[in-house]
Amino acid sequence: MLVHPQFDPVAISIGPLAVRWYGLMYLLGFSLFILLGRYRIRQQPNGVFTREMLDDALFYGVLGVILGGRLGHVLFYEPGYYLQHPLEILAIWQGGMSFHGGFLGVAIAMLCLARKYQLSWLAVTDFIAPLVPLGLGAGRIGNFINGELWGRPTDVPWGMIFPYADNLPRHPSQLYEFALEGLALFALIWLYSAKPKPLGAVTGMFMIGYGAFRSFCEFFREPDDGFLGIMTLGISMGQWLSLPMIAAGIALLYWAYRYDGKPEKAARKLPRERKNRD
């Protein structure tokens, strides 16, 4: 059996300043977002996105991830605890972020971005969806480095002991999620979006793909101790939150392919001066 190496969560420490690996993973995710976004802009010279919009999308998206992810954790997982300790809602450095809350936060943030640039909301989300999975994968590597969100006990040869938990060999579920929610989802959405698709189709495929991969990984991930854990029908909270995401993705994909027209006809045209790109 393997043993988790118990990395120091602090990557760099200079006096009182400490840079944590998890923060660096967020930085890596945001950097990949920009690099991949600029590549897509170059590959789609007649598209609606510009580098200015991409920079704004990152700023809006960071706010959506942090605010939505934290509030999602508070409301979905530990509402009772935070009702008794409301000031700890602000203590994001102590951990506690929800993907599904972050997803809703980013969706709202992209709606604000779409209104600013007078674009269809789905035109915006279709563009950014392929840029997201590698950032999600980086976050799972951060979970692994921190030795958190470990898997359920197992007897598979690659089972890993997480000393922070106990001495039982467990699934390294963080790495499963990195492989599926990060690498596999990126490959799926990137290849799917390589050619023009109906408005909303890429967003729908992302929702289906993430929801399915997350639901599968939840079978190997230990339910968060002290949270809601395994719920009705033996399904975890993460799976319950993924089910409506999958259903909405299927509905959106169905609607997209029934839409009468090409994607560029659905998105509002940018003002002429925004057509220039650097």
### Query
When segment 187-207 is examined, which residues are found to be surrounded by 21 or more Cβ atoms within 10 Å (Cβ to Cβ), of a type in the set (A, V, I, L, M) and either touching a Gly at 6+ places or on another chain (Cβ under 8 Å) or part of a loop (DSSP other than H, G, I, E, B) (or both)?
Ile189, Leu199, Met205, Met207
### Task
Mind counting the residues in segment 137-156 that are surrounded by fewer than 22 Cβ atoms within 10 Å (Cβ to Cβ), at pLDDT 90 or above, farther than 16 Å from Arg20 by Cα and not polar (S, T, N, Q)?
4
#### Entry: Residues (under 17 Å from the mean Cα position of the chain (by Cα) and either among the aliphatic types (A, V, I, L, M) or surrounded by fewer than 22 Cβ atoms within 10 Å (Cβ to Cβ) (or both)) located in segment 123-134
Val124, Ile128, Ala129, Leu131, Val132, Leu134
### Query
Does segment 107-120 hold any residues that are within 19 Å of Leu253 (Cβ to Cβ) and either buried (at least 18 other Cβ atoms within 10 Å of the Cβ) or at pLDDT 95 or above (or both), and which are they?
Met110
### Message
Tell me the residue from Ala165, Ala179, Ala194 that is aliphatic (A, V, I, L, M) and at pLDDT 95 or above, please.
### Response
Ala179
### Summary
Only one of Thr154, Thr203 is of a type in the set (Val, Ile, Thr) and touching a Lys or Arg at 6+ places or on another chain (Cβ under 7 Å), namely Thr154
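The values are calculated or read from the model by the stated rules, or taken from the named source; none is laboratory data. Small disclaimer: the values here were computed from a predicted structure and weren't measured. Here the Cβ is made from the backbone with ideal geometry for all residues, glycine too, and neighbour counts use every protein chain on show.
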